[in-house]
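Since the structure comes first, as structure tokens, the remarks are kept for the end.
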Amino acid sequence: MRKIWDIPGGIHPPENKKQSVDQSIGALPLPDRLVLPLNQHIGAPARPVVKPGDRVLKGQVVAEPHGIVSAGVHASTSGVVESISLHPVPHPSAMSSNCIIVRPDGEDRWIEHQGIADYGSRDPQQLLDIIRLSGIAGLGGAGFPASVKLGPRQPIDTLIINGTECEPYITADDMLMRERPGEIVAGIRILAHILGNPANILIGIEDNKPEAYDALEAALASNSSEGSDIELVDFPTKYPSGGEKQLIQILTGKEVPSGKLPAELGIVCHNVGTTQAIYRAIVLGEPLISRITTVTGQSCAINRNYDVLLGTPVRHLLANNGFDADSCPRLIMGGPMMGFTLENPEVPVIKTTNCILAPSREEMPPAPLPQPCIRCGMCAEACPASLLPQQLFWYAQSENFDRLEAHNLFDCIECGACAYVCPSNIPLVQYYRAAKGEIRTLKQEKIKADHSRQRFEFHKERLERAEAEKAAKREARRRATESARARGAEDDSGITASVATSTEASSTAATSPEAKAPEAGTSAAKATVEDIIMAAKARAEARKASPEQRRAALERGIEAARHRLDSTRQKLADGEADNLGEASLDKLRAAVEDARVKLADAEGKLAKLDLPDSNDSDPADSSRDTGSAERVAKKLGDSPRQQLQGKIAAINNRIAVTEQKLAELTDAATLDALRSGLDKQRQKLAEAQQQLSALPVDTAPAPVESPVQDAAAAAITRAREKAARLAQMSPEEKLRSNLDSLVSRLDKARARLATAIAENADHVETLRTTVVNLESKVREAETKLAQGDH
């Protein structure tokens, strides 16, 4: 006789099992439809491999496992896939989930399938793959995929088959052991082969199931050669001895530590229903498409166990058992201790559905209202996991999740023993379930936050690395440019090679650690002050830009201004298409107008460069905003009158550009924005003229008109002349003029792009985008001209 250990706590509730074992396992007619949830197990939902309208056969895969911890789903009968949609599923929250809905065709026709009779000669991993693809999950209630549980990394020395079924009312495993013990024993042999033939194989069964014990004993004796090493062990009935950790402690005396798995102790435990399903999958080639389910309770005229097709609506089971809905206060899936209320009888039977309980009001009256805890300690005495339910209850109420985990909340098996003995009728298990869900959610959110942080840090590191590479390239180009300028300065100014050598050596000495200790006798150590000064003058002469270089820089600035104007116009068009608010559109119109003014200023600077005496101006001024006559006037004249005159010239320039744009455009919204801007410019002009007239008469000789003022006046004159020409043109002539201007701009942009590519400049992509935009505009203008869209 094997020694039996006791477990802490436990209770002895009324069993209520006899009413459902009087008849053999029955069968039900086909329902009008089958609802197959994609997630009937712990882990990732299965992935559908069928679509609405597909015809399926019995046993055909309709959803394949997705991920390591997952299980497949199979058609329970032949028929047509009606839809894949949300449907209520068995869950304490009455949630809906994605389901494959099959309408049976009544033929119940199997797909071709074939088992493996000589499984002993097959590799265990091959058998595990079959179990995984067959969709087998734990049928005792947990629903953990069987293939994962049978593939531990540690060696296994003990295999335990759980035939306890300690929950009141439930007799599914009892009837299975009575009627199909041979399949269970054959399934045990398959499990033993997969696990490497453990030294200890135990079947645990409570002493309130004598018929099941006798049936298993007979099955083991009928084939003594195969079953001689399987030990059948019965022990006293006590709830919840059917828990995995509790059964291990009863049969082996080993206690699974908190946070550990039985496999870490060399133990694997499986339910008798799971064992029988594995036998059918391996030997007969049948996937998991049905299970034994108890239908019981005083609200049902018939209490019996059925071999129910997965996906059968609970409503169908009740309709075939004489269900009286008026006498049933609530439906329960599972037993009265660990089950949960069903809000909708349309939910389907799934892989973990071992019982449908339909009690009457007298059989299971409504729970009384909970009262305050009186600190009696009865819950702690009843807990089979040696927890402190009272402390867990208080921490769950206050949402103190850290203390809950410190008190091993997740060791709670939710057996309900604490709530059963509580004199204050506190629903303790509900608090524990809710707290577990919150903790799991917080952990998932933390994992997501950590992943987001890691992605951000990687992205930031990648950008910094790319920027460092760009900086290195820019530095290399800068050094190459300086070297080229230095060589050009030598040729133009006649600086001797010795001076260049001296300059290069002094520069190297300032930047290179190796050069800080120069060898004796080098010319760099003997450089004179005069040589260094001459070299500096040569570099300054090389940096002095020629008129052609200044022109190229101004043309690039004009092209950039045109690019900004095109970009703001596109944003305005997108905003009008998206029906943005009027305030946002006004901002975009103002941005367009600002871009136009800046383009006009850039063109004015280029016009100033064309003047005969423009080359005599300070080269440094060519890179500044000389298009603004107001700022230039401040530099050229010291008197307030000259400053105001420059300001007036600048405003007149802007007014001319705006009037030109008014003559070109037809869009009402843009015209309104331009007219508003023109009114403000005229107001500023009037204020400046008034300030000028208020100044005393300057008796000093009138200053000679500066080149910048001449350029501004010339730009104003050209703008007004262009506006006048446009006003006299026909629509077709305007289109042709616009097309010619675009073609000219495109040719210049292409030339600048080719130069930038040859010089490996930083703004190559900007110029390439400009060329693409101009090509698009040219095609658009040509299309309008060809279609006569005037």
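The values are calculated or read from the model by the stated rules, or taken from the named source; none is laboratory data. Note that the coordinates shown come from a computational prediction; the quantities given were computed from them, not determined experimentally. Every residue, glycine among them, receives a Cβ derived from its backbone with ideal geometry; neighbour counts consider all protein chains shown. The accessibility values were calculated without ligands, DNA or RNA, using every heavy atom of the protein model including side chains. Shrake-Rupley method; radii C 1.70, N 1.55, O 1.52, S 1.80 Å.
Among the residues of segment 735-771, the ones that are among the basic types (Lys, Arg) and open to solvent by 70 Å² or more (accessible area, probe 1.4 Å) come to 4 in all. Close Cβ contacts (under 7 Å, 6 or more residues apart or on different chains) running from residues in segment 299-316 that are touching a residue at least 40 places away in the same chain (Cβ under 8 Å) to residues that are in a loop (DSSP other than H, G, I, E, B) and among the hydroxyl-bearing types (Ser, Thr, Tyr) comprise SER299/SER360; ASN305/THR171; LEU309/SER76; LEU309/THR77; LEU310/SER76; GLY311/SER76.
Per-residue answers, yes or no, for (1) closer than 17 Å to ASP307 by Cα; (2) modelled with pLDDT of 95 or more; (3) of a type in the set (Val, Ile, Thr):
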| site | (1), (2), (3) |
| --- | --- |
| ILE156 | no, no, yes |
| GLU165 | no, no, no |
| LEU176 | yes, yes, no |
| ARG189 | no, no, no |
| ILE194 | no, no, yes |
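Within segment 121-135, the residues that satisfy the criterion of being part of a helix (DSSP H, G or I), more than 9 Å from ILE282 (Cβ to Cβ) and open to solvent by less than 50 Å² (accessible area, probe 1.4 Å) are PRO124, LEU128. If we keep just the residues of segment 87-107 that are of a type in the set (A, V, I, L, M) and farther than 10 Å from LEU36 by Cα, which is modelled with the lowest pLDDT? Within segment 87-107, the match that is modelled with the lowest pLDDT is ALA94. Where helices (runs of 4 or more DSSP H) sit wholly within segment 233-330, those with at least 3 residues that are closer than 25 Å to ILE356 by Cα and open to solvent by 10 Å² or more (accessible area, probe 1.4 Å) occupy 314-319. Is it the case that segment 304-313 has a residue that's more than 20 Å from HIS87 (Cα to Cα), within 36 Å of the chain's Cα centre (by Cα) and not aliphatic (A, V, I, L, M)? No: zero hits. Note on segment 721-737: among residues that are in contact with a Ser or Thr (Cβ under 9 Å, 6 or more places away or on another chain) and in a helix (DSSP H, G or I), the one that is modelled with the highest pLDDT is ARG725. In segment 732-743, the residues that are under 15 Å from GLU775 (Cβ atoms) never reach a residue that is charged (D, E, K, R) and at pLDDT below 80 with C-beta atoms less than 7 angstrom apart, at least six apart or across chains. For segment 331-369, filtering for residues that are open to solvent by 70 Å² or more (accessible area, probe 1.4 Å) and over 27 Å from THR164 (Cα atoms) leaves 8. Across segment 738-766, the number of residues qualifying as at pLDDT 80 or above and touching a Leu at 6+ places or on another chain (Cβ under 8 Å) comes to 7.
Helices (runs of 4 or more DSSP H) fully within segment 145-198 that include at least 3 residues being polar (S, T, N, Q) and either in the same structural domain as LEU216 (by TED's automatic domain parsing) or under 44 Å from the mean Cα position of the chain (by Cα) (or both): none found. Do the conditions hold for LEU176, that is, is it aliphatic (A, V, I, L, M), in contact with a strand residue (DSSP E or B) (Cβ under 8 Å, 6 or more places away or on another chain) and closer than 13 Å to VAL268 by Cα? In short, no. Looking across THR312, THR294, one residue alone is of a type in the set (Ser, Thr, Tyr), farther than 19 Å from PRO181 by Cβ and at pLDDT 95 or above. It is THR312. Of the residues making up segment 196-211, those that are touching a strand residue (DSSP E or B) at 6+ places or on another chain (Cβ under 6 Å) and either open to solvent by 30 Å² or more (accessible area, probe 1.4 Å) or of a type in the set (A, V, I, L, M, F, W, C) (or both) are ASN200, ILE201, LEU202, ILE203, ILE205, ASP207. If you go through segment 425-446 and keep only what is of a type in the set (Lys, Arg) and open to solvent by 90 Å² or more (accessible area, probe 1.4 Å), you end up with ARG440, LYS443, LYS446. The test for being open to solvent by 40 Å² or more (accessible area, probe 1.4 Å) and in contact with a Phe, Trp or Tyr (Cβ under 8 Å, 6 or more places away or on another chain) holds for HIS12. Hey, does segment 163-183 have a residue that's polar (S, T, N, Q) and closer than 15 Å to GLU244 by Cβ? For segment 163-183, residues polar (S, T, N, Q) and closer than 15 Å to GLU244 by Cβ: present. Of all residues in segment 199-214, those that are in a strand (DSSP E or B) and touching a Leu at 6+ places or on another chain (Cβ under 9 Å) total 6.
For segment 378-405, a tally of residues being open to solvent by 60 Å² or more (accessible area, probe 1.4 Å) and outside any helix (DSSP H, G or I) returns 4.
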